[in-house]
Structure formats: structure tokens, C-alpha cells
């Protein structure tokens, strides 16, 4: 079992969700986050004052999958999330030691299926 953590541009949220559903990955957590990276700071005006913003809005996906779904989920995120511009995001794949479904106590792959 693996945990896929992906950071993508907010405008790619629907595309990534659609792409994941096409490869039969439906269960995920999605959150709005701010990230820093290679993109330069942006000058914005806030209440008449210039402000330099060095964090950027991103959408964070957390997806627990069985091993046979890792490559197809990662490829779906890449295909749908890529714009070719700096700041497209990152994907992390982390091993899961244990998974338990609270409702019935099911463990391991059965708990995330």
C-alpha cells in the first residue's frame, strides 16, 4: 500500500479528479494549500500597499492505493496536471505501514479498497 501526495495547480483540480476516476481511483482527500517553490514572488496590491507574495495556491491530493494502482494513479495525475510551466506541482509516493477502516476494523488493502 502507498500514499500518493500530489500538489497541483487549482485550475487542474477537476481535470485530475476526472483522470483519476478513469483509472478507477475514486477515494481521496483534497485540500487547498499554499506552497513555495521555483516560481518567483508576485507583486500584489492589498489595500493600497504593495505586497510581495512568495507562496502560491495549490491543491493537495492524498490518495491511499494498493500497489497495483500506484503507477496508473501517478500517470493520471501527471497527464491531467501538466501545463509545462514552472509550478505544475509535485507527486510524492510514501509507503503505508498499516491501514484500518474504522467502521468494521478491516485492515491492509481491504481497508482502502
(message) Using only the alpha carbons of the range 1-69, what is the convex hull's orientation-averaged projected area in square nanometres?
(response) 5.7
(request) Write down the radius of gyration of the range 60-113 and its Dmax, each obtained from C-alpha positions, in Å. (result) 14.0, 45
(message) Testing the spin-label approximation: label points 7 Å from Cα along Cα→Cβ at residue 43 and residue 67. State their distance in nm.
(response) 5.4
(request) Working from Cα positions, state the angle (0 to 90°, nearest 10) between the long axis of helix 70-81 and the longest principal axis of the chain. (result) 30
(message) How large is log10 of I(q)/I(0) for the range 13-113 at q = 0.10, 0.17, 0.20, 0.25 Å⁻¹ when the intensity is taken from the Debye formula with one equal scatterer per alpha-carbon?
(response) -0.39, -0.87, -1.07, -1.38
(request) Please work out how much length the chain gains when fully extended from residue 27 to residue 11, using 0.36 nm per residue of separation minus the C-alpha to C-alpha distance, in nm with one decimal. (result) 3.8 nm
(message) Give me the percent relative contact order of the chain, please, defined on Cα pairs under 8 angstrom at least 6 residues apart.
(response) 42
(message) If I build a Gaussian network model for the chain, linking alpha-carbon pairs within less than 10 angstrom, which residue out of 63, 96, 85 has the largest mean-square fluctuation?
(response) 85
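Values quoted throughout were computed directly from the atomic coordinates according to the rules given, and no laboratory measurement underlies them. In this text, all values refer to a predicted model and were calculated from it rather than measured experimentally. Methodologically, a virtual Cβ is constructed for each residue, glycine included, from the backbone with ideal geometry; neighbour enumeration extends over all protein chains shown.
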